[in-house]
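One structure follows; several queries about it will come next.
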């Protein structure tokens, strides 16, 4: 019973490129959440999605960031035109229902050079 | 989400019990009390959560004050693998959003 799978584990992008982070939730989980952890800081909520729907995107930066969770396939967090300040660890979590115990993935560490 | 207050750091000896406190004086009646921990370079790991009654699982116990304004995470026998940052979080049920504070960094000494 695989946990939450995130890939890639490490991603290096040059300034101005696009970063695509993928998250496959646990089997049977239809709720997905993305969090960002900047160096030496705590995790910050970004977005909460259910299949094909964005439930809460109050933590998403207004520009360059988008997220989707299609009917088939993993959830994708897309960052366009990356800047150095986007360098962080991005964690995905999933749950069976909203408010249940959440299972986190191991994260994608994005480095923008 | 309600603000929680935790000590910045705590120390424990291996194989001794550890009591990690958390104050949440502004918790609302529908907020659950969640505990997660994060080991270096890893994602947060669910530990336990509860609403009003004390809770036990294979990892830990959660003691919730009668007025729900505080709670204590209890690790019955600390091991070196329990060294981590422990986060106490209040969140309404079905919200999907966890607000992480700075947490308590637990050091376990052999």
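Nothing in this text is a laboratory measurement; each read-out follows from the coordinates by a stated rule. Please read these numbers as outputs of a predicted model, since none were measured by experiment. In this analysis, Cβ positions are derived from the backbone assuming ideal geometry, glycine residues included, and neighbour counts consider all displayed protein chains.
Please state which of the following conditions residue A:40 fails to meet, knowing it meets all the rest: (1) at positive phi; (2) more than 14 Å from chain B (Cβ to nearest Cβ).
Residue A:40 satisfies every listed condition except (2).
Taking the criterion of being within 14 Å of chain A (Cβ to nearest Cβ), in contact (Cβ under 8 Å) with a residue 60 or more places away in the chain and not in a loop (DSSP other than H, G, I, E, B), would at least one residue in segment B:52-61 satisfy it? Walk me through it before giving the result.
Of segment B:52-61, the ones within 14 Å of chain A (Cβ to nearest Cβ) are B:55, B:57-60.
Subset that is in contact (Cβ under 8 Å) with a residue 60 or more places away in the chain: none.
Scanning segment B:52-61, I find no residue that is within 14 Å of chain A (Cβ to nearest Cβ), in contact (Cβ under 8 Å) with a residue 60 or more places away in the chain and not in a loop (DSSP other than H, G, I, E, B), so the answer is no.
I'm checking my understanding of the structure. Among residues of segment A:51-85 that are in contact (Cβ under 8 Å) with a residue 40 or more places away in the chain and part of a strand (DSSP E or B), which one is surrounded by the most Cβ atoms within 10 Å (Cβ to Cβ)?
A:77
Whether any residue in segment B:38-46 is within 14 Å of chain A (Cβ to nearest Cβ), without any contact (Cβ under 8 Å) to a residue 40 or more places away in the chain, in a strand (DSSP E or B) and closer than 20 Å to residue A:33 by Cβ is what I want to check.
Within segment B:38-46, one or more residues are within 14 Å of chain A (Cβ to nearest Cβ), without any contact (Cβ under 8 Å) to a residue 40 or more places away in the chain, in a strand (DSSP E or B) and closer than 20 Å to residue A:33 by Cβ.
Could you check segment B:24-46 and list, in sequence order, the residues that are over 20 Å from residue B:57 (Cα atoms), surrounded by fewer than 16 Cβ atoms within 10 Å (Cβ to Cβ) and touching a strand residue (DSSP E or B) at 6+ places or on another chain (Cβ under 9 Å)?
B:25, B:26, B:28, B:30, B:40, B:41, B:42
Let me ask another. Taking residue A:109 as the residue in question, decide whether it is in a strand (DSSP E or B), more than 14 Å from chain B (Cβ to nearest Cβ) and in contact (Cβ under 8 Å) with a residue 60 or more places away in the chain. So that I can check it myself, show each step before the final result.
Values: in a strand (DSSP E or B): yes; more than 14 Å from chain B (Cβ to nearest Cβ): no; in contact (Cβ under 8 Å) with a residue 60 or more places away in the chain: yes.
No; evaluated as a whole, the condition is false for this residue.
Any idea which residue in segment A:86-102 is farthest from the other protein chains (Cβ to nearest Cβ), counting only those that are in a strand (DSSP E or B) and closer than 19 Å to residue A:42 by Cβ? Break it down stepwise before answering.
Taking segment A:86-102 as the starting set, the residues that turn out to be in a strand (DSSP E or B) are A:88-95.
Now narrow it down to the ones that are closer than 19 Å to residue A:42 by Cβ: A:88-93.
Values: A:88: 13, A:89: 8, A:90: 10, A:91: 5, A:92: 8, A:93: 8 Å.
Among them, the one singled out is A:88.
Residue B:12 passes all but one of (1) within 14 Å of chain A (Cβ to nearest Cβ); (2) assigned to a strand (DSSP E or B); (3) more than 15 Å from the chain's Cα centre (by Cα); which number fails?
Condition not satisfied by residue B:12: (1).
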